[in-house]
Amino acid sequence: RWYARLAAVAATALLVAGAIRVIRGRAAQSPAPVAEYATGVGVRDSLLLGDGSRVLLGPSSRLVARGREVELTGEAYFTVVHDPKRPFTVRAGGAVIRDIGTAFSVHSDGGGDQAVRVVVREGSVQLGGTVDSVVLSPGDVGVLESGGRTRASRGAATDDDIAWTRGRLVFRDASVAELGADLRRWHGVELRVTDSALLRRHFTGSFVAEPTSRVLEVIALALGARVERRGDTVFIRPVTPQR
């Protein structure tokens, strides 16, 4: 009887230990909670993620965070708490950006040939596409092109690349597609350009808190065009020659 009782107690202990291991295993395998963030037109927001990493989310942008993996639409500046055992990953516009350092900016709706643009300020990150990948160091600018191939410009980053974090909208030789994407996020207008000659032109300039009408006026003047606005839709048309 004594032996039978001892065997029963041992069997019970094994069952309890097994149940605890199963519960712990399920807890370890359970997906991280999902947190979603979004900003409105012209609005930036500072976020603190669950792991202590910080994000400055750009205007009209959306971030979905699952633990140390996030999905970005729009623009964001990341200051990451580095953990070599748990890489911080950003997925944006077909690109996979993995943190190897601490601070970098991601722009994922530039239009044109630049599907995703990454600027590294501190540490380093790996930018990967469907064709290849590249490791970016401080001062580098990486681009994921529309075909899925990555391209790095070493030491090409300037303060203008992250000027948006200070509320300054900067365009450097921007295509019409890039103009349209940023005007949509910062000013809530849809740019329409149908003239083939205007579509080939580029714009360089910067704006700080100017009203939408002034921004459109400057862009049209630089492109040698005129503006027609109908609500939130803006048409950039060639200047009609005088007779």
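Brief remarks follow.
- Extent along principal axes [Cα atoms of segment 60-215; Å; largest to smallest]: 50, 32, 29
- Once all protein chains are placed together, residue 145 keeps about 60 Å² accessible to a 1.4 angstrom probe.
- Per atom type, segment 175-243 shows carbon and sulfur on 50% of its accessible surface, probed at 1.4 Å.
- For the peptides 194-201, 54-61, 134-141, the ranking by mean Cβ contacts within 10 Å, running from highest to lowest, is 54-61, 134-141, 194-201.
- Heavy-atom accessible surface of residue 100, to the nearest 10 Å², is about 80 Å², with a 1.4 Å probe and all protein chains retained.
- Of the solvent-accessible surface of segment 49-114, computed with a 1.4 Å probe over protein heavy atoms with every protein chain present, carbon and sulfur atoms account for 50 percent.
The values are calculated or read from the model by the stated rules, or taken from the named source; none is laboratory data. Keep in mind the model is a prediction, meaning the values are calculated, not measured. Note that we place each Cβ from the backbone using ideal geometry, even for glycine, and neighbour counts take in every protein chain shown. Surface areas here come from the heavy atoms of the whole protein model, side chains and all, with no ligands, DNA or RNA. Shrake-Rupley method; radii C 1.70, N 1.55, O 1.52, S 1.80 Å.
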